[in-house]
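Each remark here refers to the structure printed beneath this line.
The values are calculated or read from the model by the stated rules, or taken from the named source; none is laboratory data. Just so it is clear, the structure is predicted and the values come from calculations on it, not from any experiment. Methodologically, a virtual Cβ is constructed for each residue, glycine included, from the backbone with ideal geometry; neighbour enumeration extends over all protein chains shown.
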Amino acid sequence: MIPRKRTPLSAMQRVEVWRRWKAGESLHAIGRALSKDHVVVHLLLKRHGGIVPPIRRRSPSSLTLAEREDISRGIAGGCSMRVIAQGLNRAGSTVSREVARHGGRAQYRANEADQQAWQSALRPKPCLLAIHSKLQSLAARLERKHQRALAAIPAEEGGSVLLRAVGPGPDRSASESAATKNVGISNSRG
């Protein structure tokens with residue numbers, strides 16, 4: 001079998017998929033109309049649970065491309081962050097964080113910053129436990145500790161136990177309590 005190069009659906013094709021799906025067409029009919037395999041259509045629909053995703057909109061409080069271009073021009077003109085912020089009627093910290101987030105004064109480019117901000121606004125975000133290795137190791141260590149403690153409980157007494165920390169104990173720090181509470185460490189026996 002010859003591997004085919006996959007080409008993603010364009011924005012217009014995705015709109016057409018949702019329009020046809022809402023009209024009640026089958027996956028095969030939609031795929032034929034778009035010259036795509038029905039599996040591609042199925043994967044798009046499955047990713048969103050068969051419900052049309054809402055149109056992405058920017059928050060009114062977020063910086064616009066025009067404001068980012070003003071920031072870029074201000075940097076090129078040698079203005080301070082505070083002066084740029086006053087010209088935009090924004091807080092100085094907003095402009096300062098925007099520039100720092102996108103490479104600093106030397107590397108700030110308005111268009112690239114706007115694209116990166118649009119991309120970073122995508123939801124859903126990964127949970128903290130999935131992206132922070134320190135939190136992962138803390139949760140794993142706590143789970144092993146609680147598993148050892150539960151191993152000593154007889155089955156007729158313990159059965160199914162859900163461990164929750166309600167506050168820092170004498171041998172735990174507040175962060176360990178929070179990690180235990182958020183992870184929801186559980187043990188089911190029987």
Residues Arg68, Arg56: which one is closer than 27 Å to Pro124 by Cα and surrounded by fewer than 17 Cβ atoms within 10 Å (Cβ to Cβ)?
Arg56
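Results for (1) surrounded by 11 or more Cβ atoms within 10 Å (Cβ to Cβ); (2) touching a helix residue (DSSP H, G or I) at 6+ places or on another chain (Cβ under 6 Å); (3) touching a residue at least 60 places away in the same chain (Cβ under 8 Å), shown as yes or no for each residue.
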residue: Arg82; (1), (2), (3): yes, yes, no
residue: Ala85; (1), (2), (3): yes, yes, no
residue: Ala100; (1), (2), (3): yes, no, no
residue: Arg123; (1), (2), (3): no, no, no
Which of the numbered conditions does Asn89 fail, given that it passes all the others? Conditions: (1) loosely packed, with under 12 Cβ neighbours inside 10 Å; (2) outside the structural domain of Val17 (by TED's automatic domain parsing); (3) closer than 30 Å to Arg19 by Cβ.
(3)
Within the stretch 16-51, work out how many residues are exposed (fewer than 14 other Cβ atoms within 10 Å of the Cβ) and outside any helix (DSSP H, G or I).
8
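Within the stretch 56-97, track down each residue that is assigned to a loop (DSSP other than H, G, I, E, B) and of a type outside the set (Lys, Arg).
Keep residues of the stretch 56-97 that are assigned to a loop (DSSP other than H, G, I, E, B), which gives 56-64, 77-80, 89-91.
Across the stretch 56-97, the qualifying residues are Ser59, Pro60, Ser61, Ser62, Leu63, Thr64, Gly77, Gly78, Cys79, Ser80, Asn89, Ala91.
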Inside the stretch 125-179, can you point out the residues that are modelled with pLDDT of 60 or more and not in a helix (DSSP H, G or I)?
Lys125, Pro126, Cys127, His132, Ala152, Ile153, Pro154
Answer residue from the stretch 104-121, given it is under 26 Å from Arg57 (Cβ atoms) and small (Gly, Ala, Ser) and is surrounded by the most Cβ atoms within 10 Å (Cβ to Cβ) among those:
Ala113
